[in-house]
């Protein structure tokens with residue numbers, strides 16, 4: 001009697017839990033996992049969904065850039081940044097007389113606008129959106145947080 005009960009429970013469990021994987025194995029030669037079916041799209045749908053334009057390659061900004069940086073308190077000095085580029089991502093070192101630090105940035109998908117984020121050791125953070133005016137000129141504005149006295153201004157850099 002116990003062997004019949006064990007046999008019935010085993011058979012019931014196999015039918016209940018293994019029928020899906022066994023069916024997929026037989027029907028689709030797929031031992032486990034989900035099945036996905038592709039759909040055919042009409043020509044009009046394909047033209048709207050697929051762009052024939054190649055992906056935009058960002059301009060090469062790698063190297064040393066230097067130029068004036070003016071704050072809204074009428075102070076001006078020279079900013080130097082050394083850019084290292086990996087596709088659209090930028091990073092490197094920056095300096096003005098007496099202060100230096102690191103920065104990160106990104107060239108946006110339009111290939112002309114960029115965003116630079118500067119840091120110092122003292123917690124001062126500066127964000128500087130800019131535009132690539134030519135292959136050798138970047139200009140923009142900046143705002144700062146936790147920087148003594150400096151709040152915002154502009155910059156104009158040329159490739160050296």
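Remarks
- Qualifying residues in region 55-71 (those that are touching a strand residue (DSSP E or B) at 6+ places or on another chain (Cβ under 9 Å) and free of Cβ contacts under 8 Å to residues at least 60 places away in the same chain) - the one surrounded by the fewest Cβ atoms within 10 Å (Cβ to Cβ): 60
- Looking only at residues of region 73-99 that are free of Cβ contacts under 8 Å to residues at least 12 places away in the same chain and farther than 17 Å from residue 153 by Cα, we find that the one that is nearest to the chain's Cα centre (by Cα) is 86.
- Scanning region 148-160 for residues being touching a strand residue (DSSP E or B) at 6+ places or on another chain (Cβ under 7 Å) and over 15 Å from residue 94 (Cα atoms) gives a total of 5.
- Tally of residues being more than 19 Å from residue 135 (Cβ to Cβ) and assigned to a strand (DSSP E or B) across region 53-71: 4
- Checked against the criterion of being at pLDDT below 90, farther than 15 Å from residue 136 by Cα and assigned by TED's automatic domain parsing to the domain that holds residue 139, the candidates 110, 70 yield just one match: 110.
- Each residue in region 139-154 was checked for being in contact (Cβ under 8 Å) with a residue 60 or more places away in the chain and in a loop (DSSP other than H, G, I, E, B), and 3 of them qualify.
The values are calculated or read from the model by the stated rules, or taken from the named source; none is laboratory data. What you see is a predicted model, and the numbers here were worked out from it, not measured in a lab. Note that we place each Cβ from the backbone using ideal geometry, even for glycine, and neighbour counts take in every protein chain shown.
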